[in-house]
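Single-structure report; data block below.
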Amino acid sequence: MKKITLFAGTLITLFSFLRYDTALGQDAPIMALDPTLMAGWSGNLAYGNTLSGNKSAAMKLSFPYSSTLALRKSVVAGFTKRLQSQSPSGAQAIAAAFGPGKADYETIYAQMLKTSALHNNDAADALTGLILVGYQIANNVPDEQVTAKMERAARAQIAGILAKMAN
């Protein structure tokens, strides 16, 4: 898990070099500041998450994806190119680590998951890992405090959310 934390922390740091227009987040009403909107929104969530009635047929528990070396190289090249205008040093760091002839990030990710309950090439597992690492960073939680049971529980929650979104 320590390797996942280091890897995710590095990725988060590198992605933070990207700057987005902060005005984009100001277009929509902020529900928490308008009590009428917030009450309606939270009420809709409460009524929409009931377990009674007709359950969906066999909740999807697996979210596999496949990745080819060519696709991963294309992703790294595209990301490096977009990052170049915002942060030349960040783009250089990505190219130095994952550019042509360098490490394949899937190999590194698979190696990090060897001590984890999470698996490679599953979207629910990948999202779970990202959320757990973010939680660990934000709350200063050491790797040894995150157990396989915790990872599986978090993954079950993420898979449930993804299954609902797929319908």
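Annotations for the structure displayed:
- Among the candidates 103, 126, 91, 117, the residue that is surrounded by 18 or more Cβ atoms within 10 Å (Cβ to Cβ), out of contact with any Gly (no Cβ under 9 Å at 6 or more places or on another chain) and outside any helix (DSSP H, G or I) is uniquely 117.
- Test: residue 109 is free of Cβ contacts under 8 Å to residues at least 12 places away in the same chain, closer than 29 Å to residue 163 by Cα and assigned to a helix (DSSP H, G or I): no
- Enumeration of residues in the range 66-88 that are part of a loop (DSSP other than H, G, I, E, B) and surrounded by fewer than 13 Cβ atoms within 10 Å (Cβ to Cβ): 66, 68
None of the figures in this text is laboratory data; all of them are computed from the coordinates on show. All of these numbers come straight from a predicted model, not from anything done at the bench. Using ideal geometry, Cβ is built from the backbone for each residue, glycine included, and neighbour counts are taken over all protein chains shown.
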